[in-house]
Structure formats: C-alpha cells, structure tokens
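Beneath this line is the structure, given in structure tokens, with notes to follow.
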Amino acid sequence: LSPRIHTAFAAETGQEIYYQALQLNSATFETQIRELQSIGYKGVNVTVPFKEQAWKLADKLSPRAQDAKAVNTMIFRDDGKIVGDNTDGIGLTRDLIINHGVLVTHRKVLVLGAGGAVRGILGPLLSRKPDLVVVANRTLHKAERMAEDFFHLGELLTSSFEDLGDEKFDLIINGTSAGLDGEVPPIPERVLGVNSICYDLMYDIDKPTAFVAWAQRRGALRAYDGLGMLVEQAAESFEFWHGRRPETGSVIARLLSA
C-alpha cells in the first residue's frame with residue numbers, strides 16, 4: 001500500500017514523486033541501498049526484516065531511531081550521508097489518539113512482543129505518560145532486556161504470556177508476528193476488561209486480523225488494526241523527506257473504501 005499512500009500525499013501537496021516497492025536481499029542489503037543512493041533516489045522506507053540493518057547503516061540517527069535501534073525511514077543527503085529515523089511509534093500514537101480518540105496518558109497498557117516492531121513504538125508510547133506499561137513476551141529475557149534499554153524513558157514491567165496476573169488493561173497492543181500465521185499470542189482472557197481497547201500493529205484490508213477478531217469475540221470495547229498507523233508513519237516519513245506534512249484522514253478513508 002505504501003506506493004499508493006505516498007502518491008496520494010504527493011498529489012495532495014502538489015509534488016511530483018516516484019515511489020515504488022522494491023524487494024531487497026538481507027545478504028546484500030547495504031550494497032543495494034548504496035546503489036539506490038548512487039542512481040538518484042532521495043530516500044527509502046524500510047520494512048521488516050531490514051530495520052536493524054538500516055539502523056546500523058545510517059550515518060546519523062534521530063533520537064527515536066537511537067532508542068529503537070531500528071530505522072524505517074532513510075534520507076540520502078547530498079553530501080552522501082544517510083540519515084535514519086523511525087516513524088513507527090509516532091504513527092501509532094497519532095492513529096490511537098487523533099484518529100481513534102484513545103487515551104494513553106494515565107492508562108494501563110499491555111504490549112505483546114519484544115521484537116523490532118515493539119522497539120519502534122515504545123519511545124513515543126512512553127512519552128504519553130501511561131500509568132503502567134507491561135511488556136509481555138513468549139521469552140521473558142527478551143522483554144527484560146528491552147525494559148533495560150528503555151529505562152531512561154520510563155519504567156517497563158515485564159512478564160511471560162502465561163505469567164500475566166489478574167491486572168486488566170485499558171489498552172492492549174499486539175506487536176508480535178503471530179498474525180502472519182493467523183494466530184494470536186497465548187495471553188489469558190482475564191487481561192481484558194469491559195473497557196479494554198485492543199490494537200494490532202498488523203493490518204488486513206480484507207478482513208479483521210486474527211488479534212482484532214480475537215478481541216471482538218471476547219468483548220473488547222473497541223479493536224483496531226494498524227492500517228491507520230501505516231498511513232500516519234508514512235506521513236511522518238513524507239514530512240521528513242519533503243518538509244510538508246500531508247493530511248491523512250482522506251487517505252485512510254480511501255484505502256478502507258477500496
């Protein structure tokens with residue numbers, strides 16, 4: 001969807017751009033990025049599984065990319081340097097707060113997963129000052145290591161999926177890759193309260209994701225997928241490259257109607 005999104009942004013802001021989807025190889029990622037830079041590309045968005053490689057390749061990192069240790073947006077400067085940013089977290093918080101009216105400040109938040117997707121969202125999420133953030137993961141030590149990395153931004157409690165207690169959360173964010181196989185993280189239903197809102201970082205424009213469907217069946221107050229986050233992080237990248245922030249609501253509506 002990214003080419004459609006950025007083309008829409010360009011039309012909205014009166015700019016001509018060429019944005020296409022390219023499949024790279026992890027073994028030759030750096031060489032291929034340098035080739036794109038050499039033939040005149042101005043920047044790239046980077047998706048999984050290349051975000052950590054992009055982080056290592058960048059000559060200069062934004063603070064949020066430094067925290068995440070992952071880059072999803074690269075800009076190729078005229079002096080040959082590569083600047084890396086991570087717009088995933090701001091994309092998430094804008095979608096939650098602006099598009100869906102979800103409160104994060106002073107709320108109890110459960111984040112599922114401890115991989116690169118979660119690393120990208122924790123900084124902006126913590127900046128909203130929730131009362132409690134628990135990171136749960138199948139492998140506990142990965143969650144604990146993440147809590148140590150982000151301690152300077154706020155306290156993170158950790159748990160394995162099976163050891164989640166009786167706490168009910170206002171917001172539950174799925175950052176695992178279980179949905180790729182149509183599965184849901186094995187979390188106990190007791191973490192859901194009558195006012196719980198669930199959010200899946202993954203998206204599917206044809207049907208609810210596995211996590212959204214799970215939440216709906218179990219009585220979550222609301223459940224959203226990550227389509228809005230995709231558009232919002234793209235808008236942040238667009239502004240990073242072009243210095244102009246596009247309006248996102250119409251683009252989200254167009255994708256949903258299509």
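Taking 0.36 nm per residue of separation and subtracting the current Cα-Cα distance, fully stretching the chain between D79 and H152 would add 23.0 nm. In a reduced charge model with +1 at each Lys and Arg Cβ and -1 at each Asp and Glu Cβ, segment 157-202 shows a dipole moment near 120 debye about its Cα centre. Cα extents for segment 127-258 along the principal axes, largest to smallest and rounded to whole angstrom: 44, 37, 28.
If the cut-off is 21 Å between C-alpha atoms, which lysines fall inside it for K51, apart from same-chain ones fewer than 8 positions away? Straight-line reach from K51, under 21 Å: K42, K60, K69, K81, K142.
Dipole of the chain computed with +1 at Lys/Arg Cβ and -1 at Asp/Glu Cβ about the Cα centre; of A136, Y41, N25, farthest Cα towards the positive end is Y41. Per residue, the accessible area of segment 140-221 comes to 54 Å² when a 1.4 Å probe rolls over the protein heavy atoms.
Extending 7 Å from the Cα toward the beta-carbon at both D59 and K129 defines two label points whose distance is 3.9 nm.
Using a ≥ b ≥ c from the Cα gyration tensor of segment 1-114 (square roots of the eigenvalues), is it rounded, prolate or oblate, where a/c under 1.5 gives rounded and otherwise the larger of a/b and b/c decides, a/b for prolate? It is oblate, given that a/c is not under 1.5 and a/b is not larger than b/c. Over all pairs of different C-alpha atoms in segment 112-169, the reciprocal of the mean inverse distance, the Kirkwood hydrodynamic radius, equals 11.5 Å. Of the solvent-accessible surface of the chain, computed with a 1.4 Å probe over protein heavy atoms with every protein chain present, carbon and sulfur atoms account for 50 percent. Calculation over all alpha carbon pairs of segment 53-187 in 10 angstrom steps from 0 returns a P(r) of 12, 40, 34, 11, 2, 0 percent.
So between V48 and D163, what do we pick up on full extension, going 0.36 nm a residue minus the alpha carbon distance? Intermediate values should be presented prior to the final figure.
Numbers: separation 115, 0.36 × 115 = 41.40 nm, distance 2.86 nm.
Extra length available between V48 and D163 comes to 38.5 nm.
Stretching the chain fully between Q20 and R222 yields a gain of 69.3 nm (0.36 nm per residue, less the alpha carbon separation). One Cα centroid belongs to segment 188-208, the other to segment 46-114; the line between them spans 22 Å. For the chain, the share of alpha carbon pairs falling in successive 10 Å distance bins from zero is 7, 30, 36, 21, 6, 0 percent.
The values are calculated or read from the model by the stated rules, or taken from the named source; none is laboratory data. Because the structure is a prediction, the values reported are computed rather than measured. A quick note on method: Cβ atoms are made from the backbone with ideal geometry, for glycine too, and the neighbour counts reach across all protein chains shown. Accessible surface areas use protein heavy atoms only, side chains included; no ligands, DNA or RNA. Shrake-Rupley method; radii C 1.70, N 1.55, O 1.52, S 1.80 Å.
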